[in-house]
Amino acid sequence: MSRRHQRWMEEILGGGSGGILHFETTPLKIVRAEKQFMTDNFGIQYLDCVSNVAHVGHCHPHVVAAGKNQMATLVSAQGFMNDALTKYVKQLVNKLPDVLSICYLVNSGSEANDLALRLARAYTNRKDVVVFDDAYHGNLGNLIDISPKMFKQMPLGKKEFVHVIPCPDTYRGLYREDDLRAAEKYVKEAEHIVRQAIRSNRKIACFVSESIVVNCGVIVPPRNYFRHLYNLIHEIGGVCIADEVQTGLGRTGEYFWAFEHYGVTPDIVCIGKPLGNGHPMGAVITTREIADSLGEYYSTFGGNPVACAIGMAVLDVIENEKLVQSAKAVGKTLLENLQQLRLNHRVIGDVRGIGLCIGVEIVEHKTSRKPATALAQTIIYKLKEEHHILVQVQGPGRNVICITPPMCFTQTNARSLFNALDTVLTSLAHSNTEGVIDIASNIVVPHPRSVLSMEDLENMSEELEGPEAKKARTSYDDID
């Protein structure tokens, strides 16, 4: 990266803060968004296939109005009686199994996972945690300690109270898709590690996992896996925490929570970004017995009137617009089409997912299954530059294209994504991957459309919206 480019990036990040930009080599300056579309300062509109924060769609008018009206009426911290809080908690808890009856409202998924960890430790009077390899559960200190994706990069590495078990990845893991007993075998691996810890006088407080393991590359565990593993954790006196920050509120289609696909009931459920559609919200729901072990808990802004009004509006939109059913239907179509695409392109090693939570694994060759990290980067850049479609990569090899769009994503949008990906892969195959991004030197080989030089970037208008962006503005209802 040139010094001039670095200076510009630091200005964008506010003096060189530790933030990370999507598409670092050709970053986007997004100035507005509506539904499943985002618009940059040049008026170019992008199909957003990655913003699971905007769960029911960017700037949904019902959600915006709810927040605006409540903000104009009352904003307060906890400690006062609040009808909105009572109504919202009841509405949210009604979406969960009856045994999960106590709700704590917080401000983020990280805060939710941190509180869940505290609840589990208070209830069991133990400290040790079981997690998947390469998992990520948040950016607070306690969560970095139990997130292999993060602590592997830290000087001190893994703490003694953390026990890492294999992620049940049936594509490149220990046991593959053709093994009918993969679930039982992965649980046996986990049991071996857990029993070994117990023999070393460690006591397990909890098992923490995403229900669909998005951060590990959208891994969908075998059907019976969680049932067997939950039984093991309960047998040794621990509790099971479901991290539904990325998969909750109907994203996986058919059910409201991803854990329901496995026929299990966690002891604690954590929710984050989807709750507020962009407003900072999180929640922890657990049993009365576990909650009673914690004692007093206070979150200054968790469950404030504005958050509750927004949260209720989000749940209303999910119900009124039938977004769970839509996620199932649109996700099924997209998954089937992408699996067909896999047959036509040698670099697609696997396609997996449920509902609007899908991963496309890019490999050097189907036989070797070796992650094609640079190629995956090239694909997402070409989708952005040539087709104005935004996706991201996940997984340890940074080679899994992750598709988690707003829930208002339509069949038409799914076709656009499928066709664009087919076109990009075909062009790369014909050109022998000409135009691949050189990640090491942060150079992008120019494409015909939308690529700006650093001189262009430095000469950008400081206004949030240029004339072209204003001209391109459309109403929420007209976008799709």
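The values are calculated or read from the model by the stated rules, or taken from the named source; none is laboratory data. Please read these numbers as outputs of a predicted model, since none were measured by experiment. Reconstructed Cβ throughout: ideal geometry from the backbone, glycine too, with neighbour counts over all protein chains shown. We work out accessible area using only protein heavy atoms, side chains counted, and drop any ligands, DNA or RNA first. Shrake-Rupley method; radii C 1.70, N 1.55, O 1.52, S 1.80 Å.
Excluding ligands, DNA and RNA, the accessible surface per residue across the chain is 45 Å² with a 1.4 Å probe.
The distance between label points at K87 and R176 comes to 5.6 nm (points 7 Å beyond Cα on the Cα→Cβ vector).
P280 sits among other residues whose Cβ lies under 11 Å from its own Cβ, and their net charge, with Lys and Arg +1 and Asp and Glu -1, is 0.
Summing -39500 (n - 2.57) over the DSSP H runs of n ≥ 4 in the chain and dividing by its residue number, what mean residue ellipticity at 222 nm do you reach, to the nearest 500 deg cm²/dmol?
Details: 15 runs with 175 residues, N = 480.
Result for the chain: -11000 deg cm²/dmol, rounded to the nearest 500.
When log10 I(q)/I(0) by the Debye sum over Cα atoms at q = 0.07, 0.09 Å⁻¹ is computed from the coordinates, the matching label among (i) -0.38, -0.64; (ii) -0.35, -0.57; (iii) -0.61, -0.85 is (i). The modelled label-to-label distance for the pair F80/L140, using points 7 Å beyond Cα in the direction of Cβ, is 2.6 nm. Each of L375, L115 has its accessible area taken with a 1.4 Å probe; listed largest first, they run L375, L115. Pairs from the table (K203/K370; K90/K127; K149/K203; K185/K273) lying more than 27 angstrom apart at Cα are K203/K370; K90/K127; K185/K273.
Give a quick list of chymotrypsin sites (Phe, Trp or Tyr not before Pro) in the stretch 298-381 that DSSP marks as loop, anything other than H, G, I, E or B, with at most 14 other Cβ atoms within 10 Å.
On the way: sites: Y298, F301, Y381; in loops: Y298, F301.
Sites meeting the loop and neighbour criteria: Y298.
Set against the 2.2 N^0.38 Å expectation for a compact globular protein, the stretch 54-174 has a Cα radius of gyration ratio of 1.40.
Let me check I've understood the local charge: for T404, count other residues with C-beta under 14 angstrom from its C-beta, Lys and Arg +1, Asp and Glu -1. What total comes out?
Every neighbour counted, the sum reads 0.
In plain terms, the chain from T423 to R195 could stretch by 77.1 nm, reckoned as 0.36 nm per residue minus the Cα-Cα distance.
So how much slack lies between R288 and E260, counting 0.36 nm per residue of separation and subtracting their Cα-Cα distance, in nm? Before the final figure, lay out each step's value.
Working: separation 28, 0.36 × 28 = 10.08 nm, distance 2.06 nm.
Full extension from R288 to E260 adds 8.0 nm.
Which of the lysines could a cross-linker bridge to K322, judged by Cα under 17 Å and excluding same-chain residues fewer than eight apart? Counting by Cα, and skipping residues close in sequence, K322 has these lysines nearby: K35, K95, K332. Taking chymotrypsin sites (Phe, Trp or Tyr not before Pro) across the stretch 37-110, the ones in a DSSP loop with at most 14 further Cβ atoms lying within 10 angstrom of their Cβ are F80. Which residues in the stretch 292-323 have a backbone N closer than 15 Å to a point placed 7 Å from the Cα of A122 along the Cα-to-Cβ line? Counting backbone N atoms under 15 Å from the label point, the list is 292-300.
Report for the chain the percent antiparallel among DSSP-assigned beta bridges with both residues inside it, nearest 5. Please report the intermediate quantities before stating the final value.
On the way: 33 of 51 bridges.
Bridges in the chain that DSSP calls antiparallel: roughly 65 percent.
Taking trypsin sites (Lys or Arg not before Pro) across the stretch 176-233, the ones in a DSSP loop with at most 13 further Cβ atoms lying within 10 angstrom of their Cβ are R176, R181, R223. Rounded to the nearest 0.05, the FRET efficiency derived from the C-beta distance between R223 and H430 at R0 = 41 Å is 0.55.
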